[in-house]
1. Can you spot the aspartates and glutamates whose alpha carbon is less than 20 Å from A:LYS251's alpha carbon? Ignore those fewer than 8 places along the same chain.
2. Average partner chain C-beta neighbours within 10 Å, per residue of A:358-364?
3. Could you work out the local net charge near A:ARG384, counting Lys and Arg as +1, Asp and Glu as -1, over the other residues with Cβ closer than 11 Å to its Cβ?
4. Longer than 27 Å from Cα to Cα, which of A:LYS88/A:LYS205; A:LYS88/A:LYS382; A:LYS65/A:LYS237 are they? Say none if no pair is.
5. Give the aspartates and glutamates reachable from A:LYS116 as a straight Cα distance under 12 Å; neighbours fewer than 8 places away on the same chain don't count.
6. Which of the peptides A:153-159, A:64-70 is most tightly packed, and how do the rest follow, judged by the mean count of other Cβ atoms within 10 Å per residue?
7. I'd like the mean, over residues of B:66-73, of how many other protein chain beta carbons sit within 10 Å of each residue's own Cβ.
8. Determine the gain in length on full extension of the stretch A:ALA247-A:TRP352; use 0.36 nm per residue of separation and subtract their C-alpha separation, reporting nm with one decimal.
Amino acid sequence: MSTETKEKLRYERPMIRKMNAGLMNKFGTRTEYQPTSHIDTVPVKRIIEQYGSPCFVISERTIRKTYQSALRAFKTRYPKVQFAWSYKTNYLDAVCKVFHQEGAWAEVVSGFEYEKAIRNGVPGNKILFNGPDKTIAELKQAIENESTIHIDHFDELYDLIEIVETSKKKAKVAIRVNMDVGVYPLWDRFGFNYESYQAWNAITKIMNCEKMELVGLHTHIGTFMLTAGAYGIAASKLCDLAMNIKAKWNKSIQYIDMGGGFASTNTLRGSYLPGNDISPSFDDYAEVITSTILNYGFKQEDLPLLMLESGRALIDDAGYLVGSVLANKRLADGRRATIMDFGVNILFTAFWYEHKISPAQEFTHHSEDMVVYGPLCMNIDKVRESVNLPLLNRGDHVVVHKVGAYNMTQWMQFIAMRPNVVMIDMKGEVHLIRKNETIETLTDLESIPAHLNAFKL
Amino acid sequence: MKILTNIAVSESGYLFNPTNGDSFSSNLVATDIITLMKQNKTSDEIKKALQAKYDVEKSTIERDYDEFIQELGDNYLLSTDGK
Ligand SMILES: Cc1ncc(COP(=O)(O)O)c(C=O)c1O
């Protein structure tokens, strides 16, 4: 019996596809999909057997490789470069520690992230504290730890002026600057505006306060910036401020922080071209930024350290989501639909990206256009609006690519629990780095008023 | 449900409908079904034949078969008089 089963052919749902000779279909050229049966030499099937489906998988090798190529792009062009890992992009401790081992400082935007960086062993003076929401206690702690506070608004600046009056230590500060870089909408809700002299005004207040030291100038012009040129404009505006500070107070700014925003190679939703073809490379960004600063006219000894807070471009490629087909359906209009065991609850970036999805097992050359849905009882739960994929059977495994950024921080516990996250190390060993949630994860936080305990139905 | 009698189907899964000039590609399982339909096999016979040949559960075939017949209909590949 078992030998007979073995000899049977692999089943595939029957399908026919009309051939429209000469017509390009809107899904582009025929799929050249390869199955992704392994991630860094580890079989996807084994990961799912051991850690369940769905499961996030992070490649330590890819993180290090990506980080090193980003660093190389800048270091080969500019003498002083420092990355600070943007915690919000992915603050799983294991991920942060890979970046810290590679030499990245920490960039945090909340008290919670700050605490995480400290717990991870990042020295206080290697933490950049960003964001509009810092409590008085958090500001005091940051001053005590000699972290750099990136001031976001005047109210925060006034808070600081008051705090330093009674503190023993000077506060190390930078200001976040927003500006017109020719890319709209402007991100002007964060920081002080350059064009309206708001930034200069803030700088003047800081320079006039003896217990504050202005060490840096910071900007973050947006995210997934597809034009490297915008960074040239941003860099020249920060350089202009630095030069004016030097001229007026004879003070050299220690660093210029260009923030994050480099695009990953994901494809944005609705984009006609795949991200691989249109996203600028690290070299493109590095060329514009470093040549702007180098040509601005700083004296050699005044050349500022170039700080970078790149998030998604450093981690997207290293993250995978493995999952399984729950069901296949034919929609009323004849389209095919595939329902996966993961949806926008854990794959938040499906709202932004047309994520590449590969089957994790062999398939025939037949493919079909389909909608890929998640398992939530919500209409918004669409992983791909229309994608051409090989025929998938119920229970088949799939791999979603480039999901390392923002999913493991913005995921929601909605209808389902968050799944396991594993990391494949440099030797191909798999480590659980975040346990899946259970019902207790939630109910432990709840309490029931006594009068609601009993009921009869 | 009967397939149009004049449909040509090649071993490689190429399907041609001489009535309107439509052509289709089909995968192995679809080619098997169409070939068996052309031999006037009943739906039960076809499903049994598939189960013997492929590693698949009966319930899956049941569902996929019904859907596939619908798809043939949507593509004007079924004969309307045999109803
Ligand atoms: C201040 C700051 N720095 C860095 C980043 C990381 O951005 P990205 O992931 O686009 O590189 C962000 C993200 O919003 C940010 O707000």
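1. Within the straight-line limit of under 20 Å, A:LYS251 reaches these aspartates and glutamates: A:GLU146, A:GLU210, A:GLU213, A:ASP240, A:GLU301, A:ASP302.
2. 1
3. Residues near A:ARG384 contribute 0 overall.
4. A:LYS88/A:LYS205; A:LYS65/A:LYS237
5. Straight-line reach from A:LYS116, under 12 Å: A:ASP93, A:GLU107.
6. Per-residue mean Cβ counts within 10 Å order the peptides as A:64-70, A:153-159.
7. 3
8. Here the answer is 33.4 nm.
Each reported figure results from applying straightforward, stated rules to the coordinates on display, with no laboratory input. Remember, predicted model here, so these are calculated numbers, not experimental data. Quick reminder, even Gly has a Cβ in these numbers, built from the backbone with ideal geometry, and neighbours come from all protein chains shown.
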